[in-house]
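First up is the structure itself, then whatever we jot down about it.
What follows is calculated from the coordinates using simple rules that are stated; it is not laboratory data. Quick caveat, the model's predicted, so the values are computed rather than measured. So basically every Cβ, Gly included, is an ideal-geometry build from the backbone, and we count neighbours across all protein chains shown.
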Amino acid sequence: MNTTPALVILIASILTNNILLASFLGMCSFLACSTKLETAFGLGVAVTFVMVCTTTLNYLLYQYVLVPLGIEFLAFILFIAVIAAFVQFVEMFVERYSPKLYYALGIFLPLITVNCAILGASLFMVIRQYNLIQSAAFGLGGGIGFWVAIMLMAGLREKMGYSNVPVPLRGTAILMLITGVIAMTFMGFAGMISMQ
Amino acid sequence: MTVFLAIGVTTGLFLLLAAVLLLAERRLVNYGNCPVSVNDGDVAFDQPGGTTLLVALHDHKIFIPSACGGKGTCGYCKVTVLSGGGPVLPTETPYLSRGEIRAGVRLACQVKVKEAISLTIPEALLNAREYRARVRSVRSLTHDIKEINLDLIEPTDFVQHPGQYVQILVPSPEGPVFRAYSISSPAHETNVAQLHVRLVPGGIASTYLHALSEGEHVHFTGPFGDFRLSEDPETEIICVGGGCGMAPIANIIASLYTRWPERSCYLFFGCRTTRDVFYLDRWQAYTKRYPNFKFVYALSDPLQTDETWDGETGFIHQVIEKRLKPGVARQAFLCGPPPMIEAVTEVLTGKGVPPGSIFHDAF
């Protein structure tokens, strides 16, 4: 059992153990969708929502189906299936009942199905032996952490449009450098909270 | 034992998820039939909701150009939606100017039909049709460009304006995709379509087209494009091409001289090396036959020791800067890579060609 309080997990997964900046998961959509602040905001909201829901769902699946039956090794493939199906369902639901929300975040949902940060959060939850509350807090923190990171990146990229980047560094290269620098600044939070 | 359990649980969960999704789809994604009205009711039909506007129009034989096949990455499938398209999506904004957004211009591949939609498209697009053609011959122009001649089968002829392009249907593992190619055969040859195809390593369409052999069938839609040759015989036509951008230009020049043998026309063509040069003999024959036709090829790469070249060197916009006298009424058509288009547009504007008379095809 893991005894870290849920609140600590929440804050730690935003700052010290940021899923993107400490674990470098979800880089693909992080790089692809950070050209504009508005887009980054939409993706951040969608990732946070999906992460909270899927870690919770996967927790229930793991604790109440896989563990009792002794088939924990299936976690990987079943987590992916749950994530994909959930995202599909949410997309249809939102499209039907809240066109406004759909236009704000619906189009980002399909992107999230294949976002490894989402699967990563579910797998970390298993490895770190969280309970239900802790899992939900971790999912929420992980999502907000992704959101914060992609917003920072998008803000920088909007400004970067005016700067003269050396030719060999243009494109992904400079983005990776920037990500590294942001990750290092986040290491400044390391003394604040520690999480297993 | 564990194996069976694992298989059972996996299958069970997958079935459960599939059932939930199917049920959700049946319940949630059902918009009924949505009336679609094109150009003030010129074409009207009912479309089962849920598909994209691009697919809906395609199903009713209205062919909107789309080079990316509906992925929202080319920005060709613009239509003006007057009502019922929902707000502009973030996937569309990179391809739309502020003015276009205000006018209601949308990418047809991103608009989903969910309610009654009324839209307008350029009249010419209503004339675009679907064609089936047979490959008559394939000829290599350079080491990587092939000239492909197609005989139209169904329908047997078409009306094209020089500078227009067709969209070739290319089979691919992820379903058919469309790629745009300019028509290089002159407009008066109404039962053939000739294309120039440069082999792009890894390119779906160019690989497919380069592998075609005589007698094979090809499908395409078109013609698309809104370039119109100036009807004023005093207007000089400037054609600037680079790389494999000869196709629309060959069509423009051939059509021009069929109609007005006295018109003056200046062709500039930029290549990298002598390996990329083609059609030189054709234009030499033209200069003999038509006194007001001039052309110049320029090589941008430094000459290798084994190459001989007595023409111009340097970038094509530098050659234009040097050769073209300012102050003549002109219409210009450019076809080549975007940096070339940009540089040439600047030079031509400097020579007094109004921006509205400069047309281009960037690729």
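Quick notes on this one:
- Computed on the Cα trace of the protein assembly as shown, the radius of gyration divided by the Kirkwood hydrodynamic radius gives Rg/Rh = 1.05.
- Shape of the range B:106-173, Cα gyration tensor, a/c cut at 1.5: prolate
- Separation of the range B:94-131 and the range B:177-248, taken as the distance between their Cα centroids, equals 24 angstrom.
- Grouping the Cα pair distances of chain A into 5 Å bins from zero gives a pair-distance distribution of 1, 8, 16, 19, 18, 15, 11, 7, 3, 1, 0, 0 percent in increasing distance order.
- Backbone phi angles across the range B:164-171, fed through the Karplus curve with coefficients 6.51, -1.76 and 1.60 (θ = phi - 60°), yield HN-Hα couplings of 7, 10, 10, 10, 7, 7, 10, x Hz in residue order; Gly and Pro are listed as x.
- Summarising the overall dimensions of the range A:20-81 from its C-alpha atoms, the Rg and Dmax are 15.2, 46 angstrom.
- Distances between placed amide hydrogens fall under 5 Å for A:LYS36 paired with no residue 5 or more residues away or on another chain.
- Cα-based helix-to-principal-axis angle, A:132-160 vs chain A, degrees rounded to 10: 10
- Prolate/oblate/rounded label for the range B:1-157 (Cα gyration tensor, a/c 1.5): oblate
- Chain B - percent relative contact order, Cα under 8 Å, separation 6 or more: 12
- Computed lengthening from B:GLU342 to B:GLU189, 0.36 nm per intervening residue step minus Cα-Cα distance: 51.9 nm
- Sorted into 5 angstrom bins from 0, the C-alpha pair distances of the range B:197-244 split as 4, 13, 14, 16, 17, 13, 10, 8, 4, 0 percent.
- Using alpha-carbon coordinates, inclination of helix B:338-350 to the longest axis of chain B, degrees: 50
- Short to long, the 10 Å bins of the Cα pair-distance histogram for the range B:1-89 hold 13, 31, 24, 15, 11, 5, 1 percent of all pairs.
- Antiparallel %, DSSP beta bridges [both residues in the protein assembly as shown], to 5: 60
- Long-range HN-HN contacts of B:PHE333 with modeled amide H, under 5 Å: B:ILE238, B:CYS239, B:VAL240, B:PHE359
- Percentage relative contact order, the range B:144-248, counting C-alpha pairs under 8 Å, at least six apart: 36
- Rounded tilt (10° steps) of A:116-127 against the dominant C-alpha axis of chain A: 40
- Residue by residue along B:89-101, Cβ atoms of other protein chains within 10 Å of the local Cβ number 2 on average.
- The range A:94-196 - Debye-derived log10 I(q)/I(0), Cα point model, q = 0.11, 0.16, 0.20, 0.22 Å⁻¹: -0.53, -0.99, -1.21, -1.26
- From its DSSP helices (H runs of at least four residues, each -39,500 (n - 2.57)), the protein assembly as shown gives a residue-normalised ellipticity at 222 nm of -13000 deg cm²/dmol.
- Legend: residue pairs A:LYS100/B:LYS112; A:LYS36/B:LYS114; A:LYS159/B:LYS71; A:LYS159/B:LYS112, Cα-Cα distance threshold 24 Å; pairs beyond threshold, A:LYS36/B:LYS114; A:LYS159/B:LYS71; A:LYS159/B:LYS112.
- Between the alpha-carbon centres of the range B:310-363 and the range A:117-196 there is a gap of 47 Å.
- A straight Cα-to-Cα reach below 16 Å connects B:LYS325 with the lysines B:LYS294, B:LYS351, residues fewer than 8 places away in its own chain not being considered.
- Peptide B:4-16, shielding by other chains (average Cβ, 10 Å cutoff): 3
- Averaged over A:36-45, number of beta-carbon atoms from partner chains that fall within 10 Å: 1
- Descending semi-axes in Å of the range B:189-294, equivalent ellipsoid built from Cα gyration tensor: 28, 18, 13
- Likely footprinting exposure, A:PHE76, A:PHE24, fewest C-beta neighbours within 10 Å first: A:PHE76, A:PHE24
- Its relative contact order, with pairs defined as Cα atoms under 8 Å and 6+ residues apart, puts chain A at 45 percent.
- Peptide packing: for B:322-333, A:114-125, A:81-92, the average count of neighbouring Cβ atoms within 10 Å per residue gives the ranking A:114-125, A:81-92, B:322-333, highest mean first.
- Above 23 Å, the calculated P(r) of the range B:258-359 contains 31 percent of its Cα-Cα pairs.
- Size of chain B from its Cα atoms: along the principal axes, largest to smallest, the extents are 80, 55, 39 Å.
- Alpha carbon convex hull of the range A:69-142, projected area averaged over orientations, nm²: 5.8
- Its residue count N fixes a reference of 2.2 N^0.38 Å for the range B:149-200, and the Cα radius of gyration divided by that reference is 1.22.
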